[in-house]
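To keep things clear, I will list the structure first and then write my remarks on it.
The values are calculated or read from the model by the stated rules, or taken from the named source; none is laboratory data. What you see is a predicted model; the values in this text were computed from it and never measured. Glycine gets a Cβ as well: all are built from the backbone with ideal geometry, and neighbour counts include every protein chain shown. Areas reflect the complete protein model, heavy atoms only, side chains present, ligands, DNA and RNA absent. Shrake-Rupley method; radii C 1.70, N 1.55, O 1.52, S 1.80 Å.
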Amino acid sequence: MGQSCAAGSRIFVQEGIYDEFLAKFTAIAKNLAATTGDPFAIGMQHGPQISQVQFDRVMSYIESGKQEGATVHIGGARHGQEGYFIQPTIFTNVKPEMKIVKEEIFGPVGVVFKFKTEEEVIEAANNTTYGLACNVFSQNISRALRVAHSLEAGSAWVNYAKTVDKAVPFGGYKQSGIGRELGEYALDT
């Protein structure tokens, strides 16, 4: 539990596995909804937003997604009546120009895109002003490495997600940070 600056909120899924992926991702979101609550309670996996300001910010993104025509696949509302809890939310039928796609939400919201070709997904993934990190999953390791090298992100994980090694520099591209932290590089800057 906790918050992550490198949380993957834009999820690109190849059309051949899209339905299966969405079903499994939905099951995970439902499990998180069932284990939402006090982060210090045993068994809880999903806690609240840090403040009323952040709660309102995330809820405004959810409302924006609805108004711009994205489909709320699951979630999309407050969780419970107290605290700053938000239901794990998945949007589908999203478009690149939507606010929920272009901006960083920093809340329990994911947008799921369906894509057909490698070129299409690289263009769509790079169509952002941010570029902190990315994850690429594929059974074809050559393709996964090729795509990872084509993405404008400071860190790229292939067939694995978000493990930071303190010996490896970490930082982003574009508006996702200046410079690097961790590793020998950080000591030199």
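Here's how it looks for F113: its modeled amide H is under 5 Å from those of I11, F12, V13, which are all 5 or more places away or on a different chain.
Counting other Cβ atoms within 10 Å, keep those with at most 14, restrict to DSSP loop, and tell me which GluC sites (Glu not before Pro) in segment 9-94 are left.
Of the GluC sites (Glu not before Pro), the ones in loops of segment 9-94 whose Cβ has at most 14 other Cβ atoms within 10 Å are E15, E82.
Of the trypsin sites (Lys or Arg not before Pro) found in segment 98-182, those that fall in a DSSP loop while having at most 14 other beta-carbon atoms within 10 Å are K116, K162, K166.
Within the chain, the longest run free of chymotrypsin sites (Phe, Trp or Tyr not before Pro) that sit in a DSSP loop with at most 16 other Cβ atoms within 10 Å is 41-136.
Computed over protein heavy atoms with a 1.4 Å probe, the carbon and sulfur contribution to the accessible area of the chain reaches 53%. Backbone phi angles across segment 23-31, fed through the Karplus curve with coefficients 6.51, -1.76 and 1.60 (θ = phi - 60°), yield HN-Hα couplings of 5, 6, 5, 5, 4, 5, 4, 5, 5 Hz in residue order; Gly and Pro are listed as x.
The modelled label-to-label distance for the pair F21/S60, using points 7 Å beyond Cα in the direction of Cβ, is 3.1 nm. Figure legend: label point modelled 7 angstrom from the Cα of N127 along Cα→Cβ; residues of segment 64-97 with amide N under 12 Å from it are 94-97.
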